[in-house]
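Enquirer: Can you keep this structure in mind? I'll have questions shortly.
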Amino acid sequence: MTGPIRVLVVEDEPLTAEAHAAYVGRIDGFVLVDTVGTGQNALRILTAQAAAGTPVDLVLMDMNLPDLHGLDVSRRIRSAGLATDIIAITAVRELQAVRGAIAAGVVQYLIKPFTYATFAKKLVSYRDFRQQLGSAATVATQSDLDQAFASLRSPTDVPRPKGLADDTLQRVTDHLKAQPCAVSASEVTEALGMSRVTARRYLEFLADSGPVLRAPRFGTPGRPENEYSWRR
């Protein structure tokens, strides 16, 4: 595999599409091509990108679209001969729908709602899958295939978002460990002398990756905010 994995987000809810696009941007090895809200637009972009020699590698496909069902879009992708992989993103849990997704060539299945950590693990597993196949010879061995498909199912660590520095992460970690009770991003900002946006990025990463508990803070005036505490 050479170059970043090119991703198309297919989601008709604008805020959700924006969130998925932001998630893609936080994971190394992926680049967002576009976001679209209908199946027809997804097929149009996939066809155009393939014709231009810049094919989309991965589609994050919402199953409930306003014009076509995600499975219909997936089947049309396959019938058109477009070599793109599909991760289904849906609230649908029925086994019949899951079987249909697998039959349509879906490689991963994400059930809404999910956290960034869950999303990231799926994409990193997919990235490992592509790297395993890309490192194999022209003719793959049984071992090559076993390792590649195992990477789709193996648990992975939550990847660190771009721009997080080790020393700053350690400062935030040490501060949280030393606190007797939960603190907000504003309180971390004041204690460590960093911007609130920076503090929140590190706190959210620690919460997504597991060592920090995140909970809404109730009873405070103004805009609602979360509070964070180290898992004891």
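The values are calculated or read from the model by the stated rules, or taken from the named source; none is laboratory data. No experiment lies behind these values; they were computed from the predicted model shown. Here Cβ is always computed from backbone atoms with ideal geometry, including for glycine, and neighbour counts include all displayed protein chains. Surface areas here come from the heavy atoms of the whole protein model, side chains and all, with no ligands, DNA or RNA. Shrake-Rupley method; radii C 1.70, N 1.55, O 1.52, S 1.80 Å.
Enquirer: So which residues in the stretch 182-195 are surrounded by fewer than 15 Cβ atoms within 10 Å (Cβ to Cβ) and either within 24 Å of the chain's Cα centre (by Cα) or not in a helix (DSSP H, G or I) (or both)?
Expert: Scanning the stretch 182-195 gives Gly193, Ser195.
Enquirer: Can you tell me which residue is most open to solvent (accessible area, probe 1.4 Å) among those in the stretch 169-181 that are touching a Phe, Trp or Tyr at 6+ places or on another chain (Cβ under 7 Å) and closer than 14 Å to Glu204 by Cα?
Expert: Within the stretch 169-181, the match that is most open to solvent (accessible area, probe 1.4 Å) is Leu169.
Enquirer: Hey, could you check the stretch 52-64 for residues that are within 30 Å of Pro113 (Cβ to Cβ) and of a type outside the set (A, V, I, L, M) and say which is most open to solvent (accessible area, probe 1.4 Å)?
Expert: Here the answer is Asn64.
Enquirer: Of Gln49, Gln40, which residue is out of contact with any His (no Cβ under 6 Å at 6 or more places or on another chain), more than 25 Å from Ala91 (Cα to Cα) and open to solvent by 20 Å² or more (accessible area, probe 1.4 Å)?
Expert: Of the residues listed, the single one that is out of contact with any His (no Cβ under 6 Å at 6 or more places or on another chain), more than 25 Å from Ala91 (Cα to Cα) and open to solvent by 20 Å² or more (accessible area, probe 1.4 Å) is Gln49.
Enquirer: Scan the stretch 39-98 for residues that are free of Cβ contacts under 8 Å to residues at least 60 places away in the same chain and of a type in the set (Asp, Glu) and jot them down.
Expert: The answer is Asp62, Asp67, Asp72, Asp85, Glu94.
Enquirer: Determine if the stretch 94-103 includes at least one residue that is among the aliphatic types (A, V, I, L, M), open to solvent by 20 Å² or more (accessible area, probe 1.4 Å) and not in a helix (DSSP H, G or I). Reasoning before the result, please.
Expert: If we filter the stretch 94-103 for residues that are among the aliphatic types (A, V, I, L, M), which is where we start, we get 95, 97-98, 101-103.
From what's left, open to solvent by 20 Å² or more (accessible area, probe 1.4 Å): 95, 97-98, 102-103.
Cutting the leftovers down to not in a helix (DSSP H, G or I) gives us none.
Within the stretch 94-103, not a single residue is among the aliphatic types (A, V, I, L, M), open to solvent by 20 Å² or more (accessible area, probe 1.4 Å) and not in a helix (DSSP H, G or I).
Enquirer: Can you pull out the residues in the stretch 201-223 that are assigned to a helix (DSSP H, G or I) and either modelled with pLDDT of 90 or more or loosely packed, with under 15 Cβ neighbours inside 10 Å (or both)?
Expert: Those that are assigned to a helix (DSSP H, G or I) and either modelled with pLDDT of 90 or more or loosely packed, with under 15 Cβ neighbours inside 10 Å (or both): Tyr202, Leu203.
Enquirer: Asp67 is checked against (1) touching a helix residue (DSSP H, G or I) at 6+ places or on another chain (Cβ under 7 Å); (2) open to solvent by less than 60 Å² (accessible area, probe 1.4 Å) and fails just one. What number does that condition carry?
Expert: Looking at each condition in turn, Asp67 falls short on (2).
Enquirer: For a quick check of your reading of the model, give me the residue pairs whose first member lies in the stretch 191-202 and is over 15 Å from Lys177 (Cα atoms), whose second is open to solvent by 60 Å² or more (accessible area, probe 1.4 Å) and in a loop (DSSP other than H, G, I, E, B), with beta-carbon atoms closer than 8 Å and at least 6 apart or on different chains.
Expert: As it stands, the answer is Arg201/Gly163, since those pairs meet every condition given.
Enquirer: Is one or more of the residues making up the stretch 28-51 at pLDDT below 95, assigned to a helix (DSSP H, G or I) and under 12 Å from the mean Cα position of the chain (by Cα)?
Expert: no
Enquirer: Mind checking which residues of the stretch 6-18 are surrounded by 15 or more Cβ atoms within 10 Å (Cβ to Cβ) and in a helix (DSSP H, G or I)?
Expert: Matches in the stretch 6-18: Thr16, Ala17.
Enquirer: Out of all the residues in the stretch 52-93, which are part of a helix (DSSP H, G or I) and over 19 Å from the mean Cα position of the chain (by Cα)?
Expert: Of everything in the stretch 52-93, those that are part of a helix (DSSP H, G or I) and over 19 Å from the mean Cα position of the chain (by Cα) turn out to be Leu71, Asp72, Val73, Ser74, Arg75, Arg76, Ile77, Arg78, Ser79.
Enquirer: Now, a different point. Could you list, in sequence order, the residues of the stretch 133-165 that are open to solvent by less than 60 Å² (accessible area, probe 1.4 Å) and at pLDDT 70 or above?
Expert: Pro161, Leu164, Ala165
Enquirer: In addition: Might you check whether a residue that is of a type outside the set (Gly, Ala, Ser), over 22 Å from Phe129 (Cβ atoms), surrounded by fewer than 20 Cβ atoms within 10 Å (Cβ to Cβ) and in contact (Cβ under 8 Å) with a residue 24 or more places away in the chain occurs anywhere in the stretch 25-36?
Expert: yes
Enquirer: Could you say whether any residue in the stretch 48-57 is within 30 Å of Gly163 (Cβ to Cβ) and either among the hydrophobic types (A, V, I, L, M, F, W, C) or touching a helix residue (DSSP H, G or I) at 6+ places or on another chain (Cβ under 6 Å) (or both)?
Expert: Checked against the condition, which is being within 30 Å of Gly163 (Cβ to Cβ) and either among the hydrophobic types (A, V, I, L, M, F, W, C) or touching a helix residue (DSSP H, G or I) at 6+ places or on another chain (Cβ under 6 Å) (or both), the stretch 48-57 yields at least one hit.
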